[in-house]
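The values are calculated or read from the model by the stated rules, or taken from the named source; none is laboratory data. For clarity, every value in this text was computed on a predicted model and none was experimentally measured. Neighbour counts are summed over all protein chains in view; Cβ atoms, including those assigned to glycine, are modelled from backbone coordinates with ideal geometry. Ligands, DNA and RNA are stripped out before the accessible areas are found, and what is left, the full protein with its side chains, is counted by its heavy atoms. Shrake-Rupley method; radii C 1.70, N 1.55, O 1.52, S 1.80 Å.
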Amino acid sequence: IPIIRIVCSEMLMFYYAFMCWKKKSPKNNNLFTLHQNSSLIAFQIMMIHAIILETLGLHWWLHEKSLILSVVILIFNIYSVIFFVGDLQAVRHNPLLVTEECMYLSLGLMKRMKIKWSDIDVIIDEPKLLTQKLSKNTIEFIARDFEAVHPNVILQLKHPINASLFMGINKEYEQVAIRVDEPNRFLDLIKKQMTNVGEKKD
C-alpha cells in the first residue's frame, strides 16, 4: 500500500536523523562504502548550511508580508534539513553488503536494492563501457560528487529487478551501475561469488 510505504519511509528518515549519532558505522570484509572517496558529505553539509541561511533570510523577509507563506516555507525547509541529515547518516550506516546469496545495495534514503547472484547475467568492468552514457533502465549507486564520476562496474541483470526509491516508490531496473571506494576488492569478491554460483549449478 503506497501510504504505508510513505509512512515507513518518513519514519526511517527521522530515525537516521535523530537516533544514529552515537552509533558507529559497521565494518567488515563484506561491506563496501560508496561515499568516502567522493564529495557527498561535503555536498550534504553545504546544502544544510544553504537551507538554514535561506530559511533565516526568507522567514525574516516574509514574516510581515505573508505570515502563512513564511510558516509554510519554514516547515518545508526544516523538513529539508532533517532529510539531508537523515540521508547523510543513512549513507554512513548502510554500506553495500555482500553475502553468500546476494548483494544489498543502499545509497542513503534515496534508493535500496537486493540482487541475488543468480539474477546477474553479465559483469561489465571495461573502462570504455563504464564511461558511456547510462541507459534509462539503469539505476545508479554512485555517490554525488562535485565532478563527473563513472561506475566501477555495471551489472547486467537477467530480468528487471525491483528497487525501493524515495517515499517508498518501487521501480524495476535491468542494469545496476555501482561505484565503491575499494573497486578492485569489490570486483574480486563479486566475481568469486558468481563463480561459486556457476559451480553450484554444475
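A search for C-beta distances below 8 Å between a residue of the range 73-100 that is under 10 Å from Tyr16 (Cβ atoms) and any residue that is part of a loop (DSSP other than H, G, I, E, B) and charged (D, E, K, R), counting only pairs 6+ apart in sequence or on different chains, returns His93/Lys23. Counted as qualifying within the range 100-191 are the strands (runs of 3 or more DSSP E) with 2 or more residues that are open to solvent by 50 Å² or more (accessible area, probe 1.4 Å), namely 111-116, 120-124, 153-165, 170-178. Restricting attention to the range 76-131 and to residues that are among the small types (Gly, Ala, Ser) and under 20 Å from the mean Cα position of the chain (by Cα), the residue that is farthest from Lys158 (Cα to Cα) turns out to be Ser80. The set of residues in the range 36-45 that are open to solvent by 90 Å² or more (accessible area, probe 1.4 Å) and free of Cβ contacts under 8 Å to residues at least 60 places away in the same chain is empty. Within the range 72-99, the set of residues being touching a Cys at 6+ places or on another chain (Cβ under 7 Å) and either among the small types (Gly, Ala, Ser) or crowded, with 21+ Cβ neighbours inside 10 Å (or both) comprises just one member, Gln89. The residues listed here are Val91, Val81, Val71, Val85; of these, the one that is part of a helix (DSSP H, G or I) and either at pLDDT 95 or above or over 17 Å from Gln44 (Cα atoms) (or both) is Val71. Look through the range 1-35, keep the residues that are modelled with pLDDT under 90 and polar (S, T, N, Q), and return whichever of them is least open to solvent (accessible area, probe 1.4 Å). The extreme case among them is Ser9.
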